[in-house]
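Here is the structure we will look at.
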Amino acid sequence: MRLGVRGKLILSFSSMLVLPIVVALLSGVNSSNRISFSTLLPVLLALLIPFIIGALITGWVISRNVLKPLGELGKATRNIREGNLDFAVSYRENDEIGDLSRAFDEMKDQLKELREKEAAHETARKDLIASISHDLRTPMSSIKGYVEGLQDGVIHDKDQFQRYISVIKNKTENLDHLIETLFQYSQLDIKAAEESFSVWNSQELLETIIHPIKLEFMDAPMQLEVIKPFPEVNLLVNANELAQVFDNLVSNAKRYVGEEGVIAIRVNVDKQKLKVSVTDNGAGITQKDLPFVFEQFYRTEKSRSRHFGGAGLGLAICKKIIDKHGGEIWAESEWGKGTSFYFTIPDSF
């Protein structure tokens, strides 16, 4: 039979009550003066009544401040063992057991947060595999179909042959771009501790990054507007990664503007942060989709997105890079009127 703490306390107090009575009785019996029990009783009562009251108070205090919280911690431990983390330890007194209860609650919250992160990572992993499978399968199926057509010898016209070859080349380039984008995305976490940051003057940095982008628009049907002069602040950045952010945002805008579309880059300083905006007058993003555009492999309209191309990772890469620089990135859009992407980089001084 298991004897708990409460039972041990009861036995201890019982022995403390019984032993003085036994000793007193034996002394009375063996005394040469032959003290009678009736004479000894008032003395015993005078001793025992305060002792009983004190013992009851002590027992209540111990039960309230020791046994009850220990029982609650035992129940909490069983809940964790059974996988139930939706509870809280209520004991919050300013004592050692209160400290233990708070530490236990913190441990439970950390376990719950870890479990939620693991569930989110598992969901993201499944989505990632599904998206990669789809994005690889689509161009591969097209390539396979065109190659089989060439192998079957059904193409006798030279122009049609060249069209088949051009489609195969285009699909192969799309696959190569997808694989490269996936590689870049995976490397952002791996190289996070290795990447070197250096101090740049913002004017020099922006000129270095934006000048090659302007050259790409020399023969493009759409227009790129770069608002100058650039502000001059010192920034602690990885220049290559920041160039990738500009390239991804501009490339994303190019896919959704028409031949007469306009993409504008503006830079200013706001609250000791460099603030950059890339704005286009393209189709825009619905309010339903806007909160999710920086999630990996998220696409607004699936058919429309695949028509315009892209792996659904460009904006996710931008967010990772800006987060690593201690900045923020967000988007504002109105359906049918265009989209603006903003990001900030803290001033290093």
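The values are calculated or read from the model by the stated rules, or taken from the named source; none is laboratory data. As the structure is a computational prediction, the values presented were derived from the model and not from experiment. All Cβ positions, glycine included, derive from the backbone under ideal geometry; neighbour counts span all protein chains shown. Remember, those area values only see protein heavy atoms, side chains included, never the ligands or the DNA or RNA. Shrake-Rupley method; radii C 1.70, N 1.55, O 1.52, S 1.80 Å.
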**Report entry** List Arg81, Arg137, ordered by accessible area with a 1.4 Å probe, largest first
**Finding:** Arg81, Arg137
Report task. Report the label-to-label distance for Lys126 and Gln287 in nanometres (one decimal), using points 7 Å from each Cα along the Cα→Cβ vector. Result -> 3.1 nm
Report task. Give the cross-link partners of Lys144 among the lysines, using a straight C-alpha distance below 21 Å as the criterion and excluding same-chain residues fewer than 8 apart. Result -> Lys158, Lys169, Lys171
Query raised in the report: Once you put a point 7 Å from the Cα of Glu334 and another 7 Å from the Cα of Glu259, both along the Cβ direction, what distance in nm separates them?
Result: 2.7 nm
Query - Contour excess over end-to-end distance, with Cα ends at Gln272 and Glu295 and 0.36 nm allotted per residue - result: 5.5 nm
Query raised in the report: Hey, quick one: spin label on Leu215, modelled 7 Å out along Cα-Cβ, who in the range 250-280 has an amide N within reach, i.e. under 19 Å?
Result: 250-251
**Report entry** Those aspartates and glutamates that a straight Cα-Cα span of less than 14 Å connects to Lys75, excepting residues fewer than 8 apart in one chain
**Finding:** Asp86, Asp105
Query raised in the report: Using heavy-atom solvent-accessible surface (probe 1.4 Å) with all chains present, what is the largest-first order of His325, His177, His156?
Result: His156, His177, His325
Query raised in the report: Going down the list Lys68/Lys108; Lys254/Lys319; Lys228/Lys288, which pairs span over 30 Å between their C-alpha atoms?
Result: Lys228/Lys288
Report task. Calculate, for Ala88 and Ser196, the FRET efficiency according to 1/(1 + (r/R0)^6) with r their C-beta to C-beta distance and R0 41 Å; round to the nearest 0.05. Result -> 0.35
Query raised in the report: How would Ile322, Ile329 line up by accessible area, probe 1.4 Å, largest first?
Result: Ile329, Ile322
Report task. Can you spot the lysines whose alpha carbon is less than 19 Å from Lys126's alpha carbon? Ignore those fewer than 8 places along the same chain. Result -> Lys117, Lys302
Report summary line: Plugging the Cβ-Cβ distance of Gln223 and Asn79 into 1/(1 + (r/R0)^6) at R0 = 51 Å yields, to the nearest 0.05, a FRET efficiency of 0.25
